[in-house]
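Sharing a structure here in structure tokens format.
A short reminder: the numbers here are calculations on the coordinates, not readings from a lab. In this text, all values refer to a predicted model and were calculated from it rather than measured experimentally. Because the Cβ atoms are built from the backbone with ideal geometry, glycine has one as well, and the counts that use them run over all protein chains shown.
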Number of protein chains: 2
Amino acid sequence: MERIPILKMGKFLLVTIQVDLYDRLALNLEEDLIQMVFKTGAKGVLIDISALSIVDSFMGKIIGNIAGMSSIMDAETVVVGMQPAVAITLIELGLPLSGVHTALNVEKGMALLESRMITGQEDDTTADDD
Amino acid sequence: MERIPILKMGKFLLVTIQVDLYDRLALNLEEDLIQMVFKTGAKGVLIDISALSIVDSFMGKIIGNIAGMSSIMDAETVVVGMQPAVAITLIELGLPLSGVHTALNVEKGMALLESRMITGQEDDTTADDD
């Protein structure tokens, strides 16, 4: 498998990561996602990692990259479905995923994006939905 | 990876299949999906297969099983994102995916489910959205 599918859901894009990202796959994902943001004018990107029980520093870096690129393209990134063990690991690795929003599941992530589109707040980017 | 994540999107469930299904994974998916339909009362199941360039008879059988089970639980199944080559293969294999709706992408699949919920039509199950 060389490509992770990107689904358009209204104003947002949804990516479900189910496999460990290796270099090529990660680069393809970054490129595809930015192209999709450009083509669709999406205002938000949801990255579902509920299938991942392990997130290493490489994955953390890729998520950070995606958030940075999307931000330049005027789309916000929300990571959803993070397992508790992954959150523990990320902090222990010293990867607080700054610049990335998080939400417990896709629905809450969408609600977070919708609310941010309405309020148009752009001050802090580490806010967390609960 | 032992489980394919199932995402709840409003009244519907979304499954993105990115890897070849083997026995255990397929059985887990069937079980998880039926449990989710039961727990959430979902009225529709969207199965995204845009990442698959090959669908064999086993995968066709699993999709048929899911559609049958969901139907008993009062939820309709829509397969979305099928690549043209996959459609050709399915027909050549003699697997017309009867009982399963299809749509070109997730958005159209959701629209199809919404329209079917409104009209409440339950006569034919091989209609195709375009």
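Pairs of Cα atoms under 8 Å, at least six residues apart: use those to get the relative contact order of chain A, whole percent.
The value is 22 percent.
Dipole magnitude of region B:6-119 about its Cα centre, charges +1 at Lys/Arg Cβ and -1 at Asp/Glu Cβ only, in debye to the nearest 20?
Using Cβ point charges on Lys, Arg, Asp and Glu, region B:6-119 gives about 320 debye.
Okay, moving on. Between beta-carbons, use under 13 Å as the cut-off and find the net charge around B:Thr40, counting Lys and Arg +1, Asp and Glu -1.
+1
Using the 10 angstrom Cβ neighbour count as an exposure proxy, how do B:Glu107, B:Glu76 rank, fewest first?
On the way: B:Glu107 14, B:Glu76 22.
Arranged by neighbour count, lowest to highest, B:Glu107, B:Glu76 become B:Glu107, B:Glu76.
Kindly write out, for region A:85-99 in residue order, the coupling ³J(HN,Hα) from the Karplus curve 6.51 cos²θ - 1.76 cosθ + 1.60 (θ = phi - 60°), rounded to whole Hz, with x marking Gly and Pro.
4, 5, 4, 4, 4, 4, 5, 5, 7, x, 10, x, 6, 5, x
Could you name the lysines in cross-link range of A:Lys11, using Cα to Cα under 22 Å and dropping any fewer than eight places away on the same chain?
The reachable lysines, counting only those whose Cα sits under 22 Å from A:Lys11, are A:Lys39, A:Lys43, A:Lys108, B:Lys8, B:Lys11, B:Lys108.
Per residue, how much space in cubic angstrom lies within the convex hull of the C-alpha atoms of the protein assembly as shown? Could you put the intermediate results ahead of the total?
Values: hull volume 33.5 nm³, N = 260.
Cα convex hull per residue, to the nearest whole number: 129 Å³.
Taking square-rooted eigenvalues a ≥ b ≥ c of the alpha carbon gyration tensor, is chain A rounded, prolate or oblate, where a/c under 1.5 means rounded and, failing that, a/b exceeding b/c means prolate?
Since a/c reaches 1.5 but b/c is at least a/b, the shape of chain A is classed as oblate.
With unit charges on the beta carbon (Lys/Arg positive, Asp/Glu negative), name the residue among B:Val106, B:Ile34, B:Thr77 whose Cα is farthest towards the positive pole of the charge dipole of chain B.
Sorting the options by dipole projection puts first B:Ile34.
Something else: Please name which of A:Ile62, A:Leu14, A:Ala51 has its Cα lying farthest along the dipole of the protein assembly as shown towards the positive end, using unit charges on Cβ (Lys, Arg +1; Asp, Glu -1) and the Cα centre as origin.
The Cα lying farthest towards the positive end belongs to A:Leu14.
Which whole-number percent gives the relative contact order of region B:1-72, counting Cα pairs below 8 Å spaced six or more residues apart?
Worked out over region B:1-72, it gives 36 percent.
To continue, here is another question. For label points placed 7 Å from Cα toward Cβ, what is the shortest-first list of nm distances from B:Ile91 to its copies?
5.6
Between beta-carbons, use under 14 Å as the cut-off and find the net charge around A:Val55, counting Lys and Arg +1, Asp and Glu -1. Show your work: numbers first, answer last.
Values: positive: A:Lys61; negative: A:Asp20, A:Asp48, A:Asp56, A:Glu92.
Local charge sum for A:Val55: -3.
Put the label 7 Å from Cα along Cα→Cβ for B:Leu27; what are its distances to the other copies, in nanometres, shortest first?
Result, one decimal in nm: 4.0.
Taking Cα centroids, how far is region B:20-45 from region A:31-84 in Å?
Taking the Cα centre of each part, region B:20-45 and region A:31-84 sit 26 Å apart.
Could you check what % of the DSSP bridge pairs in region B:6-119 are antiparallel, to the nearest 5?
If I count the DSSP bridges inside region B:6-119, around 25 percent turn out antiparallel.
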